[in-house]
Amino acid sequence: MPRRDVLDLDATAQLSALALKQVGAVELLKATLARHEQTHGALNAVVAADLARALERARAIDEQRIKGEHMGPLAGLPMTIKDSLDVAGMPASSGLAALRQRSARDATAVGHARRAGAVIWGKTNTPVMAGDWQSYNSLYGVTNNPWDIARTPGGSSGGAAAALAAGVTALEIGSDIGGSLRVPASFCGVFAHKPTWGMVTQHGHVPPAPGSWVERDLNVVGPMARSARDLRLLLSIIEDGPLAPRAPPADLANTRIALWLDAPQFPLDAEVRAVAEAFAKDLTAAGATVEPIASPVDSEALLEAYVTLLCATVAEDFPESQLRQFELMRGPAGLMRAIGGPLSTPNLMRAYTATHREWMAADAVRMRLRHEMREVFERFDVVLAPIAPTAAFPHDRRSVNARKLALSDGSAVPYMSMLTWIALATACGLPATAIPAGRTPRGLPVGVQLIGPQAGDARTLAVAQAIDENIGGFVAPPEL
């Protein structure tokens, strides 16, 4: 089988080719490295590698296969890992030179993939401490979107999404606390799954500080791929504890989908809305029941609670001097509606320096909204919603406060609006599967998320696979 044909297959098909001995693990790895060399100058997606160890691993797997020994479910498949997760010999730098110098063992999820037979050879780029929707840092530079190198691939799993879209890798492990799996998937036209909080252990993820055993609030580790079936495969390997049900793909004719495209303070570009609406029509034509709904919860209460929970969590990584400055800048909680709402600078400063009492109040709102969502899922199998207000936007190196998201009608919205559509699943700990939905008139990918009930990962993934196999999924970007 020609090498290029193999690389264009999804992981499941590549694994089949390996099992049938149509390609060897060493041959597949070398083809992967050639694709990386071909695209690296344009993309800068994979930013660190351990080639000697990977080749040794691939040779060993080829020998095991020749001998007829038992093979793991990922035996011989080349894989890359987001650079916020430890890999033996390749510590999680999270874009910081100081963290690249320490020794490391595999993060727990990475270890699961390695024991399943994956050939882990590289690390993909991420913003500093996984803290932006653009993937660049002074250590490794900027990663570009394979659909338009003048635009971001998203963040923080941006290098992962770019590598997947370009065929440089077939599977990735990323993470998500502020849309970091779903946004890059949407911007690059690939698949990702944000698991129910706690399904996959975070041990070996940076942040928090290296060596921590803390399972951070809101944050999840999850799979990225070029097909829904690949997401299900990798999640079954990296999840911690009892295996999630592996239900067959859903029957779209019996699937009830809530279409959520409107919420106060949640901006949505007209081009992105048009893609989502056209996608909903395709679902209806395929037999699904699609019903538009208003916001399933109080969106302002959701955003207020999520911002407090999020900022209070990530503030653990800030130096004390910065937190003291934020305390001086914070405004009274009751003032935020008058000066710009939950995403206003004074409210963000308040959230970064939240007291325990303020955190508890936000947590109480979260629990109430999670309970309200149970009623929604009594009527619907999944909620289909946007992921980001816009498609991939041009690189922007200005300070966060100076950035804006340009809309297709010439207007602009605050950069922090990127927190809006991803807030529900994250704040409430719900599963959300990101799937390609179409492209804008400029040819940029647009993804949507399928949100499910708590521990309903099998449900969203089954619906995603049915959509992938009956309506359409990944489309490769034009040649770089």
Which one of the conditions (1) closer than 25 Å to Ile257 by Cα; (2) touching an Asp or Glu at 6+ places or on another chain (Cβ under 8 Å) does Arg403 fail to meet, given that it meets all the rest? (1)
Find all pairs meeting these conditions: Cβ atoms under 8 angstrom apart; at least six residues apart or on different chains; first residue within the range 150-171 and assigned by TED's automatic domain parsing to the domain that holds Val110 and under 21 Å from Gly76 (Cβ atoms); second residue polar (S, T, N, Q) and in a strand (DSSP E or B). Ala160/Thr80; Ala160/Thr124; Ala163/Thr80; Ala163/Thr124; Val168/Thr80; Thr169/Thr80; Thr169/Thr124
For the range 106-136, name all the residues that are part of a loop (DSSP other than H, G, I, E, B) and within 18 Å of Asp176 (Cβ to Cβ). Ala107, Asn125, Thr126, Pro127, Gly131, Asp132, Trp133, Gln134, Ser135
Residue list for the range 418-431, restricted to those being among the small types (Gly, Ala, Ser) and more than 16 Å from Ala351 (Cα to Cα): Ala425, Gly429
Would you point out which residue out of Leu96, Leu181, Leu139 is of a type in the set (A, V, I, L, M), outside the structural domain of Ala312 (by TED's automatic domain parsing) and surrounded by 24 or more Cβ atoms within 10 Å (Cβ to Cβ)? Leu181
Qualifying residues in the range 456-471 (those that are under 20 Å from the mean Cα position of the chain (by Cα) and either part of a loop (DSSP other than H, G, I, E, B) or basic (Lys, Arg) (or both)) - the one surrounded by the most Cβ atoms within 10 Å (Cβ to Cβ): Arg459
For residues that are part of a strand (DSSP E or B) and not β-branched (Val, Ile, Thr), scanning just the range 78-105, find the one that is nearest to the chain's Cα centre (by Cα). Lys82
Hits in the range 190-207 - residues which are assigned to a loop (DSSP other than H, G, I, E, B) and over 11 Å from Gly154 (Cβ atoms): Pro195, Thr196, Trp197, Gly198, Met199, Val200, Thr201, Gln202, His203, Gly204, Val206, Pro207
Which members of the range 36-47 meet the condition of being buried (at least 20 other Cβ atoms within 10 Å of the Cβ) and either among the small types (Gly, Ala, Ser) or on the phi < 0 side of the Ramachandran plot (or both)? His36, Thr39, Leu43, Ala45, Val46, Val47
Hey, among Leu430, Leu405, Leu450, which residue is touching a Ser or Thr at 6+ places or on another chain (Cβ under 7 Å) and farther than 13 Å from Lys194 by Cβ? Leu405
Keeping to the range 59-93, report how many residues are of a type in the set (A, V, I, L, M) and over 13 Å from Ala25 (Cα atoms). 6
Any residue in the range 316-330 that is closer than 24 Å to Val206 by Cα and at pLDDT 90 or above sitting within a Cβ distance under 7 Å of a residue that is surrounded by 12 or more Cβ atoms within 10 Å (Cβ to Cβ) and hydroxyl-bearing (Ser, Thr, Tyr)? List the pairs, counting only those 6 or more apart or interchain. Leu323/Tyr352; Leu323/Thr353
Kindly establish whether Arg374 is more than 17 Å from the chain's Cα centre (by Cα) and under 30 Å from Arg229 (Cβ atoms). yes
Look through Leu51, Leu55, Leu29 and report the one residue that is modelled with pLDDT of 95 or more, within 25 Å of Pro184 (Cα to Cα) and of a type outside the set (Asp, Glu). Leu29
Output the number of residues of the range 436-447 satisfying the condition of being in contact with a Ser or Thr (Cβ under 9 Å, 6 or more places away or on another chain) and outside any loop (DSSP other than H, G, I, E, B). 5
When you check Pro184 against the structure, is it modelled with pLDDT of 95 or more, assigned to a loop (DSSP other than H, G, I, E, B) and within 22 Å of Ala427 (Cα to Cα), yes or no? no
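The values are calculated or read from the model by the stated rules, or taken from the named source; none is laboratory data. Note that the coordinates shown come from a computational prediction; the quantities given were computed from them, not determined experimentally. So basically every Cβ, Gly included, is an ideal-geometry build from the backbone, and we count neighbours across all protein chains shown.
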